[in-house]
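Chemist: Have a look at this one.
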């Protein structure tokens, strides 16, 4: 529990959540690039790449996307845990404290949607 009675504690927690949001987006974007790079390599030289090698980039890319979606959910849980420790004086009156949570939920759902899309085929 914080004894500062200062709204900056809340804003620091929210900044941390949004930093995790950016990290999750970066993981997902990198995963998409890795997955699509494998498709690009397959198009360039399909005869030189074995079936096993084709799938490495696919699974690694999906792992990065899944990692981003999982981190988005975990960061929400951490943020909510911090919010429970704050006193009402540390949260500005009338401030919408759940907008950043909705942003992370959207990132998680879009990441899962991207996983489903990529599983459906090239």
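All of the numbers you see were taken from the coordinates with simple rules; none came from a lab. Since we're looking at a predicted model, the values are computed, not measured. Virtual Cβ from ideal backbone geometry, glycine too; neighbours counted across all protein chains shown.
Chemist: GNM, the chain, Cα, under 10 Å: largest mean-square fluctuation among 25, 17, 44?
Modeler: Fluctuation is largest for 44.
Chemist: Under a 10 Å cutoff between Cα atoms, tell me which one of 27, 40, 71 has the largest fluctuation in the Gaussian network model of the chain.
Modeler: For the chain, modelled as a Gaussian network with Cα springs under 10 Å, the answer is 40.
Chemist: Here is a further query. Please say if the chain is rounded, prolate or oblate, where rounded means a/c under 1.5 for a ≥ b ≥ c the square roots of the C-alpha gyration tensor eigenvalues, and otherwise the choice is prolate for a/b larger than b/c and oblate otherwise?
Modeler: Taking the square roots of the gyration eigenvalues as a ≥ b ≥ c, the chain is prolate.
Chemist: Hey, what angle do you get for helix 7-44 against the long axis of the chain, alpha-carbon based, 0 to 90 degrees rounded to 10?
Modeler: 0 degrees
Chemist: Give the calculated FRET efficiency between residue 87 and residue 23 to the nearest 0.05, with a Förster radius of 25 Å applied to their Cβ-Cβ distance.
Modeler: Between residue 87 and residue 23 the formula returns 0.30.
Chemist: Pairing the Cα long axis of helix 51-85 with the longest principal axis of the chain, what angle in degrees results, from 0 to 90 and rounded to the nearest 10?
Modeler: Value to nearest ten degrees: 0.
Chemist: Specify the residue with the greatest mean-square fluctuation among 107, 33, 41, computed from a Gaussian network of the chain linking alpha-carbon atoms under 10 Å apart.
Modeler: Highest fluctuation of the listed residues: 41.
Chemist: In degrees from 0 to 90, rounded to the nearest 10, what is the angle of the helix 99-119 Cα long axis to the longest principal axis of the chain?
Modeler: Roughly 10 degrees between the two axes.
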